[in-house]
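Peer 1: Please see the structure below; I have some questions.
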Amino acid sequence: MRAPIAFAAGLLASCFPAAGALAQVAIESQRVTFGAGADSTLLKGQLMGDQTVDYKLRAGAGQTLTVELKGSNSQNYFNVMAAGTDNALFIGSSSGNRFRGLLPSDGDVRVRLYLMRPAARRNETSTYSLNVGIGGAALAPLPASRDALIPGTPYHASGEVPCVSGSSGKASRCKASVIRRTNNSGTVVVTNPEGQKRQFLFVNGKAVASDQPEKLSVQRRGDVSVLLLGENFERYEIVDALVVGG
């Protein structure tokens, strides 16, 4: 289990802009809105050196985000962070300059634009055009009148689920909370033994997306969805009743 951890750590370190410089250079943040009747927009600009820009778009769980980048510098990429997490669910330097995927949570999704470390250190520039769009209807959380909330939280229920995560590969119990949504759907938030949160989107009772870059695989065992991130690196067992109630 140690090899995947080392690989993932190295991948993330190499995929983000001038990692050492991020502590010194503030990330610019720009709010993106669409024109009346539009569901996408084209953004244009220029990056130089370790400059990093976060484009923030308001979206809901179950909506589809599409992003396409064209930059004059081949070292110009973008990452995508779902609402509620700083982890990238898409890393452009390893996955390309196009993204299309379901969002697991409500709030501001961030499209982070940057130059890779070698180009940033050489103070190179890139003139870019970034097309971003959000489509489909959001899956609204169930109102408290239909499913009572845990006081002081946005969650309808919580508990512990069997899980395996971390370098030891030992089975454990992870805290899990759920925001139940229309159409037997929901967002399950799991906190693994390392204290890291993972968000999983269920649509019509089926797990379809996460907020992590690793591939999500799902196995069904009776009334349990076994969620696998990567090649058995992380595993979470989610019972149907947690997602839809009952």
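Peer 1: In this structure, is R180 of a type in the set (K, R) and under 23 Å from A59 (Cβ atoms)?
Peer 2: Against the criterion (of a type in the set (K, R) and under 23 Å from A59 (Cβ atoms)), R180 qualifies.
Peer 1: Kindly indicate the residue of segment 196-246 that is more than 17 Å from the chain's Cα centre (by Cα) and small (G, A, S) and also modelled with the lowest pLDDT among those meeting that condition.
Peer 2: G246
Peer 1: Give segment 134-154 a look and list any residue that's exposed (fewer than 13 other Cβ atoms within 10 Å of the Cβ) and assigned to a strand (DSSP E or B), or say none.
Peer 2: G135 - this is the single residue of segment 134-154 that is exposed (fewer than 13 other Cβ atoms within 10 Å of the Cβ) and assigned to a strand (DSSP E or B).
Peer 1: Let me ask something else. Would you mention how many residues in segment 56-88 are part of a loop (DSSP other than H, G, I, E, B), among the hydrophobic types (A, V, I, L, M, F, W, C) and surrounded by fewer than 22 Cβ atoms within 10 Å (Cβ to Cβ)?
Peer 2: Final tally of qualifying residues: 1.
Peer 1: Just for segment 96-120: of the residues that are in a helix (DSSP H, G or I) and free of Cβ contacts under 8 Å to residues at least 60 places away in the same chain, which one is surrounded by the most Cβ atoms within 10 Å (Cβ to Cβ)?
Peer 2: Step by step, filter segment 96-120, then rank; the result is A119.
Peer 1: Could I ask something else about it? Regarding segment 143-163, can at least one residue be identified that is polar (S, T, N, Q) and either in contact (Cβ under 8 Å) with a residue 12 or more places away in the chain or under 26 Å from Q46 (Cβ atoms) (or both)?
Peer 2: Among the residues of segment 143-163, at least one is polar (S, T, N, Q) and either in contact (Cβ under 8 Å) with a residue 12 or more places away in the chain or under 26 Å from Q46 (Cβ atoms) (or both), which makes the answer yes.
Peer 1: Further, regarding this structure: Under the condition of being of a type in the set (S, T, N, Q) and assigned to a loop (DSSP other than H, G, I, E, B), which residue from segment 155-175 is modelled with the lowest pLDDT?
Peer 2: Step by step, filter segment 155-175, then rank; the result is S167.
Peer 1: Moving on to the next point. It is to be established whether one or more residues within segment 127-141 are in contact with a Phe, Trp or Tyr (Cβ under 7 Å, 6 or more places away or on another chain), at pLDDT 95 or above and of a type in the set (G, A, S).
Peer 2: The answer is no; no qualifying residue exists.
Peer 1: Do you know which residues across segment 131-181 are of a type in the set (A, V, I, L, M, F, W, C), over 18 Å from V239 (Cβ atoms) and touching a Gly at 6+ places or on another chain (Cβ under 8 Å)?
Peer 2: The answer is A137, A138, L139, A140.
Residues checked against (1) part of a strand (DSSP E or B); (2) touching a residue at least 12 places away in the same chain (Cβ under 8 Å):
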{"residue": "S177", "(1), (2)": "yes, yes"}
{"residue": "G195", "(1), (2)": "no, no"}
{"residue": "F200", "(1), (2)": "yes, yes"}
{"residue": "Q212", "(1), (2)": "no, yes"}
{"residue": "R220", "(1), (2)": "yes, no"}
{"residue": "L227", "(1), (2)": "yes, yes"}
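Peer 1: A further question follows. Does S14 satisfy being modelled with pLDDT of 95 or more, among the polar types (S, T, N, Q) and either outside any strand (DSSP E or B) or under 18 Å from A88 (Cα atoms) (or both)?
Peer 2: Here the answer is no, as S14 does not meet what is asked.
Peer 1: If you don't mind, another one. When you scan segment 121-133, how many residues do you find that are surrounded by 18 or more Cβ atoms within 10 Å (Cβ to Cβ) and assigned to a helix (DSSP H, G or I)?
Peer 2: Residues in segment 121-133 being surrounded by 18 or more Cβ atoms within 10 Å (Cβ to Cβ) and assigned to a helix (DSSP H, G or I): 0 in total.
Peer 1: Among the candidates V32, V25, V53, which residue alone is over 24 Å from N131 (Cβ atoms), surrounded by 14 or more Cβ atoms within 10 Å (Cβ to Cβ) and either modelled with pLDDT of 65 or more or of a type in the set (V, I, T) (or both)?
Peer 2: V25
Peer 1: Follow-up question, since we're still on this one. Do we have any residue at all in segment 192-207 that's touching a Lys or Arg at 6+ places or on another chain (Cβ under 6 Å), of a type outside the set (A, V, I, L, M) and either outside the structural domain of P104 (by TED's automatic domain parsing) or surrounded by 19 or more Cβ atoms within 10 Å (Cβ to Cβ) (or both)?
Peer 2: There is no residue in segment 192-207 that is touching a Lys or Arg at 6+ places or on another chain (Cβ under 6 Å), of a type outside the set (A, V, I, L, M) and either outside the structural domain of P104 (by TED's automatic domain parsing) or surrounded by 19 or more Cβ atoms within 10 Å (Cβ to Cβ) (or both).
The values are calculated or read from the model by the stated rules, or taken from the named source; none is laboratory data. This one's a predicted model, so the numbers in the text were calculated from it and none came from an experiment. Glycine also receives a Cβ, built like all others from the backbone with ideal geometry; neighbour counts cover every protein chain displayed.
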